[in-house]
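Enquirer: Below is the structure I would like to discuss, written out as structure tokens.
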Amino acid sequence: MSSDGALVAELFAAYGTVLDPWQVDALDAGLGRDEAGDWTARTVGISTARQSGKTVVLVARALAGALLFGEKTVCIAAHEVRTSKVAFNQLAAIFENYADLSLRVKSIIRAIGREEIVLVDGTRILFTSRSRNTLRGYSIDSYLSDESQLVTPEQWESVLPALSARKNSSAWLFGTAPQQ
């Protein structure tokens, strides 16, 4: 078994962000591959304290999905539009501020609630707020969920068909333990 975690950390560092050790460990654990090259973990779950850098890990994973793993449709989802917009702004800034990456961009769509980065090769990185129908009609390679402690059963059920439509898809569910 091997892991692409260190590779993703190197990629992200090359574009301005050095990850914390726990973030690299999370990527390392979640990006293990078997002998056939498939993900060993199809679902990755992390629960950690608020403001610890969960979103940064998901943004790094999205960038790697688009640039390293050949994933054609990546979705970063959150419970609210403003939360998914944080991830969008982080990743859009990376694509806009580095010349080699800006050459790969076909368009950056900034419509509120429909933010999307489209690359020249057809890769799409979607930023959504969760609902029962958010991914209806989509086939996705990776689903990267922020604030996953707030995912309802109905929302999760809507994700599963979009993931099952692609071979070797994965879901990353990052959240914080609910407060009492």
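Enquirer: Mind checking which pairs have a first residue in segment 13-30 that is among the polar types (S, T, N, Q) and a second that is part of a helix (DSSP H, G or I) and buried (at least 16 other Cβ atoms within 10 Å of the Cβ), Cβ under 8 Å, 6 or more apart or different chains?
Expert: Between residues of segment 13-30 that are among the polar types (S, T, N, Q) and residues that are part of a helix (DSSP H, G or I) and buried (at least 16 other Cβ atoms within 10 Å of the Cβ), the close pairs are Thr17/Val56; Thr17/Ala60; Gln23/Ala9; Gln23/Val56; Gln23/Val57; Gln23/Ala60.
Enquirer: While we're on this one: Exactly one of these conditions fails for Phe12: (1) modelled with pLDDT under 95; (2) under 23 Å from Val118 (Cβ atoms). Give me its number.
Expert: (1)
Enquirer: For residues in segment 126-158 being among the β-branched types (Val, Ile, Thr) and farther than 21 Å from Pro178 by Cβ, which is surrounded by the fewest Cβ atoms within 10 Å (Cβ to Cβ)?
Expert: My answer is Thr134.
Enquirer: In segment 1-26, how many are of a type outside the set (A, V, I, L, M) and either closer than 19 Å to Asn97 by Cα or outside any helix (DSSP H, G or I) (or both)?
Expert: Adding up the residues that qualify gives 9.
Enquirer: Given the conditions (1) under 19 Å from Tyr15 (Cα atoms); (2) outside any loop (DSSP other than H, G, I, E, B), and given that Thr128 satisfies all but one, which numbered condition is not satisfied?
Expert: Among (1) under 19 Å from Tyr15 (Cα atoms); (2) outside any loop (DSSP other than H, G, I, E, B), Thr128 violates only (1).
Enquirer: What number goes with the only condition from (1) under 25 Å from Ala14 (Cα atoms); (2) at pLDDT below 95 that Arg104 does not pass?
Expert: Every listed condition holds for Arg104 apart from (2).
Enquirer: Considering segment 112-121 alone, what residues qualify as being free of Cβ contacts under 8 Å to residues at least 24 places away in the same chain, assigned to a loop (DSSP other than H, G, I, E, B) and closer than 11 Å to Phe88 by Cβ?
Expert: The answer is Arg114, and nothing else.
Enquirer: Further, regarding this structure: Are any residues in segment 1-24 farther than 24 Å from Ala93 by Cβ and surrounded by 14 or more Cβ atoms within 10 Å (Cβ to Cβ), and if so, which ones?
Expert: Within segment 1-24, just Ser3 meets the criteria.
Enquirer: Taking segment 130-148 as the region of interest, how many residues are within 23 Å of Trp39 (Cβ to Cβ) and over 15 Å from the mean Cα position of the chain (by Cα)?
Expert: Count: 2.
The values are calculated or read from the model by the stated rules, or taken from the named source; none is laboratory data. Please read these numbers as outputs of a predicted model, since none were measured by experiment. With ideal geometry, Cβ positions are generated from the backbone for all residues, glycine too; neighbour counts draw on all protein chains shown.
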